[in-house]
Amino acid sequence: LRQELRQALEAEDGAYHRKHMSKLPYLKAVMREIQRFTPAAAGTLRRLPFDVQAGDYVLEEGSLIFWNQEPYSSDPELLGGDPDEFVPERWLAAEELSKRDDDLHPRRPVKVDGFDDVLAPAPILSHPLMTTAFSVGPRMCVGARIAQNEIHSVVAKLCCDFVFYLDPPDQKVERVQKLLMTPDPAPRIRFDAIAK
């Protein structure tokens, strides 16, 4: 990640701009894996605009439903690998897969040429509701693009300028769902500056 960031940002004196995103596929994959691994929000609420048949059940128009992405994002059969492993490369394979015009089964991971060590997750995991903490459509966070740009900018700066790790490394940190997902207790992180 650091190498990709330095190559893309060297002409800008290390400053990230949204225009760089097309040159930063690994940053995009890392951010997507972070969202999968530790989602900021547990899901989203929607009011159904029409009746929906779900198996043997009918969800009536006007029903309030809660969409929780975490069970899908942590399902090894959909993910095509161990959900407890942090593997950004799976999303590089998914991105490559999205460029193809194949008729794929939405719930099966896919082998992608050039990616020997990972499968692209099942295409259903690339649905917009699964890939962003900011929701989609008319209920999308109005500040989503600004927030994403700020997040990418901070991550780019931290990764270019620091090596960071848990200190002490054996901390036990749990995820707690409040309004947003939060770590408990807050982890102690050490930042060591990288000599330039």
(message) So in segment 132-149, with the set limited to residues that are over 12 Å from the mean Cα position of the chain (by Cα) and of a type in the set (S, T, N, Q), which one is most open to solvent (accessible area, probe 1.4 Å)?
(response) ASN149
(message) I'm trying to understand the selection: among the residues of segment 1-46, which are open to solvent by 50 Å² or more (accessible area, probe 1.4 Å), in a helix (DSSP H, G or I) and within 25 Å of PRO76 (Cα to Cα)?
(response) PRO25, TYR26, LYS28, ILE34, PHE37
(request) Determine whether ALA54 is among the aliphatic types (A, V, I, L, M) and closer than 25 Å to MET140 by Cα. (result) yes
(request) List every residue pair whose Cβ atoms lie under 7 Å apart, where the two residues are 6 or more positions apart in sequence or sit on different chains, the first residue falls within segment 104-117 and is assigned to a loop (DSSP other than H, G, I, E, B), and the second residue, located anywhere, is at pLDDT below 85. (result) VAL112/LEU97
(message) I'd like the full set of residues that are of a type in the set (Lys, Arg) and surrounded by 14 or more Cβ atoms within 10 Å (Cβ to Cβ), limited to segment 47-63.
(response) none
(request) Collect the residues in segment 64-81 that are open to solvent by 70 Å² or more (accessible area, probe 1.4 Å) and of a type in the set (Asp, Glu), keeping them in residue-number order. (result) GLU77
(request) Enumerate the pairs (first residue in segment 73-99 and under 20 Å from ALA41 (Cα atoms); second residue anywhere and modelled with pLDDT of 90 or more and hydroxyl-bearing (Ser, Thr, Tyr)) with beta-carbon separation below 6 Å, excluding pairs fewer than 6 apart on the same chain, so at least 6 apart or on different chains. (result) PRO83/SER74
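Residue-by-condition table, conditions (1) farther than 30 Å from LEU48 by Cβ; (2) touching a Lys or Arg at 6+ places or on another chain (Cβ under 6 Å); (3) open to solvent by 30 Å² or more (accessible area, probe 1.4 Å):
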residue	(1), (2), (3)
VAL87	yes, no, no
LEU92	yes, no, yes
ASP103	no, no, yes
ARG108	no, no, yes
LYS111	yes, no, yes
MET130	no, no, no
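The values are calculated or read from the model by the stated rules, or taken from the named source; none is laboratory data. What you see is a predicted model; the values in this text were computed from it and never measured. So basically every Cβ, Gly included, is an ideal-geometry build from the backbone, and we count neighbours across all protein chains shown. Protein only, heavy atoms only, side chains kept; ligands, DNA and RNA dropped before computing areas. Shrake-Rupley method; radii C 1.70, N 1.55, O 1.52, S 1.80 Å.
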